[in-house]
Amino acid sequence: MLTLPRLQGLAVAMISSAITAHFLIGAALIVYLPEAHRSIGLAQTTIIGAVLAGAGIVAWSVASVPWQLFVAAAISGSGWAATSGAASKRDGRSMVRSRSTKGHRLGIQRRKHRRRHVSALLILLIAKIGVEAAAVAVGIAMPLVIIPLSIFYLRRDPKGLGLAPDGLLIDSKPHVATPINA
């Protein structure tokens with residue numbers, strides 16, 4: 001977080017307020033996620049979210065005045081909400097969705113070694129090409145990775161794969177146990 005104030009001369013308190021706005025906007029939008037999934041589909045919602053999150057990463061890096069921080073917060077908060085797995089648990093694909101859409105948050109993984117590797121890669125990228133160029137690279141890479149994953153894994157529902165939601169084949173009949181002493 002200290003990079004933005006140092007590069008753009010922005011107050012830390014202003015940046016903190018914009019970060020708070022990012023999460024408040026995301027929290028406000030996430031309640032509409034089930035409706036978005038019903039109306040345009042899980043994959044399309046995730047794709048839109050990935051594009052917004054990528055654009056938000058770039059917007060954060062180029063913000064030079066306070067109002068731009070809040071525009072970046074609105075974009076990235078919307079992307080964060082749209083890529084959330086909160087509403088996709090109903091069909092059992094939430095783990096796949098979560099893993100395919102959280103590329104923008106790999107630095108917050110529970111496993112410390114992953115966090116260190118991603119942080120080291122980001123630090124190296126920033127050192128080599130600068131903050132703005134690194135943000136553009138990550139902002140472009142994120143949708144390029146998430147869009148194909150969303151198309152492949154999230155556009156297909158179990159029925160489209162020939163499966164029932166519990167993993168059984170659609171044409172298969174459940175096994176009915178018969179008592180031995182019948």
(request) Give me the accessible area of S119, 1.4 Å probe, in Å² rounded to the nearest 10. (result) 50
(request) Determine how large the accessible area of I129 is when every protein chain is in place; take a 1.4 Å probe and give Å² rounded to the nearest 10. (result) 80
(request) Calculate the spin-label point distance for R155 paired with V62, positioning each point 7 Å from the Cα along the beta-carbon direction, and give it in nanometres. (result) 2.9
(request) With a Förster radius of 41 Å, plug the Cβ-Cβ distance of I40 and T20 into 1/(1 + (r/R0)^6) and report the FRET value to the nearest 0.05. (result) 0.90
(request) Arrange the residues F70, F152 by how much accessible surface each exposes, largest first, with a 1.4 angstrom probe. (result) F152, F70
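The values are calculated or read from the model by the stated rules, or taken from the named source; none is laboratory data. The model shown is predicted, which means the values in this text are computed figures rather than measured ones. Backbone-built Cβ (ideal geometry, glycine too); neighbour counts: all protein chains shown. Areas reflect the complete protein model, heavy atoms only, side chains present, ligands, DNA and RNA absent. Shrake-Rupley method; radii C 1.70, N 1.55, O 1.52, S 1.80 Å.
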